[in-house]
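Read through the structure below, which is laid out as structure tokens, and then see the notes.
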Amino acid sequence: MTLQKTRFVYVTYIRSTPEKVFEAITRPELARRYWGHENVSDWQPGSKWQHIRANDARTVELVGEVVEVCPPSRLVMTWANASQEADRDAYSRVTFGIEEYEDMVRLTVSHDDLIVGSGMETGVTRGWPVVLSSLKSFVETGAGLDIFAKPKAA
């Protein structure tokens, strides 16, 4: 049986440069400040990357492989829960497209090969908007958002 797949695309505009946005995604000490996680890799095609929670436990939550790197305009990597690292069918693919747009950057994040109805699809569709909003705030102001905030009860 073939699983049905879907994709999630998010576009935002950031008052910055492509270089600063690319660095915010790939430098662990910067990602920690708006994501609460570090993206750790040597960022070479074929290299592994890990998404590590920036706390005392330093838990590896996501893993993958760097597919393509074209600083500062493009980064492509595979993506899976660390618990599913050995299951190649569990991997999805993330593409960061970073392009100049007048005095801003247009950041397009495309998360492909998501299994419809999976926990990963749910996490991605809820997670990317807040993470990318926090990235935008961080790059523009130096302070990210509280991405772990929960909606207030009515």
Practice task
Label segment 115-154 by shape, choosing from rounded, prolate and oblate, from the square roots a ≥ b ≥ c of the eigenvalues of the Cα gyration tensor; if a/c is under 1.5 it is rounded, and otherwise prolate applies when a/b is larger than b/c, oblate when it is not.
Solution key: oblate
Practice task
Quick one: work out Rg over Rh on the C-alpha atoms of segment 1-70, Rh as Kirkwood radius.
Solution key: 1.03
Handout entry: Computed FRET value (nearest 0.05) for ARG7 with ALA54, which takes r as the C-beta separation and R₀ as 30 Å
Key = 0.60
Completion exercise
With all protein chains present, the chain has a carbon and sulfur share of its accessible area (1.4 Å probe) in percent of 50
Exercise for the section: At 1.4 Å probe size, with every protein chain present, just tell me what the per residue accessible area of the chain comes to in Å². Expected result: 56
Practice task
Lys and Arg at +1, Asp and Glu at -1: add these up for the other residues within a Cβ distance under 13 Å of THR59 and post the number.
Solution key: -1
Handout entry: Calculated P(r) tail over 28 Å for the chain, as whole % of Cα pairs
Key = 17
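The values are calculated or read from the model by the stated rules, or taken from the named source; none is laboratory data. Note that this is a predicted model, so its numbers are computed, not measured. Cβ sites come from the backbone with ideal geometry, for glycine too, and all protein chains shown count toward neighbours. These accessible areas exclude ligands, DNA and RNA; they are computed on the full protein's heavy atoms, side chains included. Shrake-Rupley method; radii C 1.70, N 1.55, O 1.52, S 1.80 Å.
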